[in-house]
Each structure stands twice: as structure tokens, then as C-alpha cells.
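The values are calculated or read from the model by the stated rules, or taken from the named source; none is laboratory data. Keep in mind it's a predicted model, so treat the numbers as computed, not measured. A quick note on method: Cβ atoms are made from the backbone with ideal geometry, for glycine too, and the neighbour counts reach across all protein chains shown.
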Amino acid sequence: MPASAALPAHGRGDLPAAEGGLPAALLMAGSCLPVLGAVLIAPVLPRMQDHFEGVPGEAVLVPLVLTVPALSLFLLAPFAGAVVDRLGRKRLLVAATVLYALFGMAPLWLDSLYGIVASRVLVGVAEAAVMTCCTTLIGDYYTGRVRDRYLALQTMCASASATVFFVLGGALGAAGWRAPFWLYAVGLLLAPAMARVLPSPRPAVERAAGEQEAAAERRPFPVRRMAGLCLLTVIGAVVFYTVPVEMAYLLDDLGVESTGAIGAITATASAATVLGSVVFTRLTDGPRRRLPALFLLCAAGFLVMGTAGTLPLLIAGAVLNCVGTGLLLPSLLTLAMSRLDFADRGRGTGLWTAAFFLGEFLCPLVLLAGKGAVGDLASAVGLLGMVALLVSAALVPLTRRAPKAVPRHAPGTS
């Protein structure tokens, strides 16, 4: 967590049980776990591909080791949104964090590429529960602008952790492509702290939650309200994960082979995502209005990367893109939360999480298809920039329509 990203003060409507910075800090840390899975081994992917050279399908399977957890998240997050309301946010979060650590460390002892991919699927199952629980608990514990600031802080912490994980992954990768998987053990440290510190349900809160659930059963879930935003989130996630997933390959194409250098350069780009998240906390206009400009900024970064023939230009384009993604992700998330009241929050958060991680899973496949169409990875990144440019143009007329307001009052549960 960057030093400038201090936890916001509690505002009116916060749960007394969630007072203090430690519960929020644990939720921020839990939100970083899927990021660890998404970026930690990115610097060692070329080395892993060399290790498994000759295995049928290795050109597709090795990148999927990085992103296949996102497929599990996509498939399971909508169900996790319903499960958290039945089993309890806290209980499921603690159990899932332990399983995340165990499944995440499995590649340390697996010799089969197919077995490693299977273990990564199970990591995604645990991540689906962790991410949905953390985001839902933020929505439960806090309200109004305080909740928006915590959601922005969640993105900021995830982006900052990505920077750290890139550096650690690159440094540990020098000892072998398996070494970064040891960092998954952090889940075994977080789980006991979550069990002890996060607030437990209180009878009065449970009764109020029961009334909200009963009301939810009398009306349908607002599918239309979320459908367009979820589709946009899939596209935004492809944009968001392109630099983390593909930067190692782009650098390799330019002759940069050191895992330490790859990790440091990718961390520099990731730090720009943190900068974008910090800027987000200073903005006062609605996220809906700024989406066209953010996709335009991301597109500009991709176009620079796609035409870069030198290392400094590639880094400059990646930094430009990552500033845009640092603004884009919290804008999409706060827009989604603003459309959900308490009775819909678990399911709505699950759907948004599913859409985001579907985009993460599709990211390497989209770039692989683009590479096949235009001949090389850099040109495929430039082509994605053109797609982001078209999305930006398509969003301009939609931003002139005011979104329907959704009540923000709700008790919290855990």
C-alpha cells in the first residue's frame, strides 16, 4: 500500500463494529490476492515456456497458467455472490484464503504442465470467494462517499501490490521459475488475522438483513441495469491486463531476457496504475462521464506500444496505458456499486467480478488471435488500441444519459 493512500476516515453510516483501520487493511490485503495470482509469475513465463518446450499445446497452456484462475473466477463469482449471503462473508473468506495458499503453492511440487494448469483452476475457485467476499464486505461496512473511497483504495492497493509482486516475481525468478510460487504462503498468514479481526454478525444487523433479503425475493434482480456495464467491464479488463500479461513477451522480443529486468520494467508500468488510482480519488465528476476519456487514454498507450521499436518508447507507452487503467478500474467498480442497493449487492458484486475476470482470462487469447491476424505481438497490441479507441467513441453519446439513482442505505453483515 503506498504511503499516500491512507485509510479514509469513517463517515456517517459506517458500522461501529468495523471501526478502526485493521479490518479495512485486511480487506485491502485480501483484495490483493487475486492480483498476486495474476502478475506474480508473469516475469517467468518465458522461462516456464522454455522448460515445457515440446509439451503439446505449451504455447497456449503456459500463458494460461497465469490467467486460467480468471476463468474460474468468471464461472464461479456469480454463484459466490449468492453463497456469501448464505454462509456468511467472514466464514467463507477465511476458508477460501487458506485454500488459496495451498492451491497456489502446488506448482512447487508438480512436474506436469497439465497438473499445474489444474492447480491454477483451483486457485481461481478460491479467488472467486476471496474477491467477492472482500468487495461485498466493503459495500456492507461503509456507505456513500466513504464506500467509494474504500473501493478506490481497494484498486489502489491492488495496483500497488502488483508493482511489488512484479519486482518479487522477477527477483525470485532468477532462482528458477518455480520460486515465485512460494509467495502464495501469505494466505496462511492472512487467514488467522481475518478470523480474529473482522467483525462478526450482530442480531440486530441480521434481522435487518433478513428483511432486505425478503424484499429481494419479491422483485427480480436488475439484470438490464448491470448487463451493459458488465460487457464494458469485460472489455476494460482485457485492456487492464494486457500490460501485466504481455509485457514480458514484448520485452523478450526487444532482447530483454533478464527476469529481474523484466520484473522491474513491468513494475514501473504498474506504478503508473497506482498513480491513476491516486488521481481517481481526487476526481469529483461522475465515473460515467469520464469513461470515454479513459478508454481514449488507454488506447493511446497501446498505439505507442504497438509502434515502439525501442525500449524507452515501449516503456513510455506502457506507462501511459497504465495511468489510464488505474483510472478505469475504480471508475467501472464505483459505477457498478452505485447501481446496486443492499439486497442486490452480493449478486451484483459477483456478476461484476465475473465480468472483470472473464476479461482477464480472455486477454492472452485475444492477443494471441490478434498476433495470428497481424503477424506479431506488438502489432496485436496496437490493434487492441484501435478497438479501445472505437469503444471510447461509442461511449460518448451514452454518457449524456443520466444513470438511475439507487439508494445507498443498508446495514452491513459479515
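Do we have Gly255 as closer than 30 Å to Met48 by Cβ and crowded, with 16+ Cβ neighbours inside 10 Å here? So that I can check it myself, show each step before the final result.
On the way: closer than 30 Å to Met48 by Cβ: yes; crowded, with 16+ Cβ neighbours inside 10 Å: no.
So Gly255 does not fit the description; no.
Can you name the condition, by its number, that Pro244 falls short on among (1) over 22 Å from Leu389 (Cα atoms); (2) buried (at least 22 other Cβ atoms within 10 Å of the Cβ); (3) modelled with pLDDT under 80; (4) within 22 Å of the chain's Cα centre (by Cα)?
Status for Pro244: all satisfied but (1).
Give the residue that is farthest from Val238 (Cα to Cα), with candidates limited to residues of region 300-323 that are of a type in the set (Gly, Ala, Ser) and at pLDDT below 90.
Applying the first criterion (of a type in the set (Gly, Ala, Ser)) to region 300-323 yields 300-301, 306, 308-309, 316-318.
Okay, now just the ones that are also at pLDDT below 90, so 306, 308-309.
Working: Gly306: 16, Ala308: 20, Gly309: 23 Å.
By that ranking, first place goes to Gly309.
Does Leu231 satisfy being touching a Ser or Thr at 6+ places or on another chain (Cβ under 7 Å) and either small (Gly, Ala, Ser) or part of a helix (DSSP H, G or I) (or both)? Show your work before the answer.
Working: touching a Ser or Thr at 6+ places or on another chain (Cβ under 7 Å): no; either small (Gly, Ala, Ser) or part of a helix (DSSP H, G or I) (or both): yes.
Answer is no for this residue.
From the list Val239, Val274, Val279, which one is surrounded by 19 or more Cβ atoms within 10 Å (Cβ to Cβ), farther than 18 Å from Leu66 by Cα and either in contact (Cβ under 8 Å) with a residue 12 or more places away in the chain or under 16 Å from the mean Cα position of the chain (by Cα) (or both)? Lay out the reasoning, then the answer.
Details: Val239 fails: farther than 18 Å from Leu66 by Cα; Val279 fails: surrounded by 19 or more Cβ atoms within 10 Å (Cβ to Cβ).
Of Val239, Val274, Val279, the one residue that is surrounded by 19 or more Cβ atoms within 10 Å (Cβ to Cβ), farther than 18 Å from Leu66 by Cα and either in contact (Cβ under 8 Å) with a residue 12 or more places away in the chain or under 16 Å from the mean Cα position of the chain (by Cα) (or both) is Val274.
For region 349-402, what are the residues that are acidic (Asp, Glu) and either under 21 Å from the mean Cα position of the chain (by Cα) or surrounded by 24 or more Cβ atoms within 10 Å (Cβ to Cβ) (or both)? It would help to see each step written out before you state the result.
Applying the first criterion (acidic (Asp, Glu)) to region 349-402 yields 360, 376.
Scanning region 349-402 gives a single hit, Glu360.
Of (1) touching a Ser or Thr at 6+ places or on another chain (Cβ under 6 Å); (2) modelled with pLDDT of 75 or more; (3) charged (D, E, K, R), Arg91 satisfies all except one. Which?
Unmet condition: (1).
Can you list residue pairs whose Cβ atoms sit under 9 Å apart, with the first residue in region 327-340 being among the basic types (Lys, Arg) and the second being assigned to a helix (DSSP H, G or I)? Count only pairs 6 or more apart in sequence or on different chains.
Arg339/Arg225; Arg339/Met226; Arg339/Leu229; Arg339/Gly348
How many of the residues in region 148-176 are at pLDDT below 70 and more than 16 Å from the chain's Cα centre (by Cα)? Quick ask: steps written out before the conclusion?
Here is the first cut: in region 148-176, the ones at pLDDT below 70 are 148, 159, 162-163, 166.
Keeping just the survivors that are more than 16 Å from the chain's Cα centre (by Cα) gives 148.
Number satisfying all stated conditions: 1.
What are the residues in region 96-117 that are within 20 Å of the chain's Cα centre (by Cα) and small (Gly, Ala, Ser), if any?
If the condition is that a residue be within 20 Å of the chain's Cα centre (by Cα) and small (Gly, Ala, Ser), then Ala96, Ala101, Gly104 are the ones that fit.
Filter region 177-224 for residues that are closer than 18 Å to Leu27 by Cα and not in a helix (DSSP H, G or I); which is modelled with the lowest pLDDT? Steps first, answer last, please.
Taking region 177-224 as the starting set, the residues that turn out to be closer than 18 Å to Leu27 by Cα are 184-201.
Those still in the list that are not in a helix (DSSP H, G or I) too: 198-201.
Numbers: Leu198: 81, Pro199: 77, Ser200: 62, Pro201: 45.
Here the answer is Pro201.
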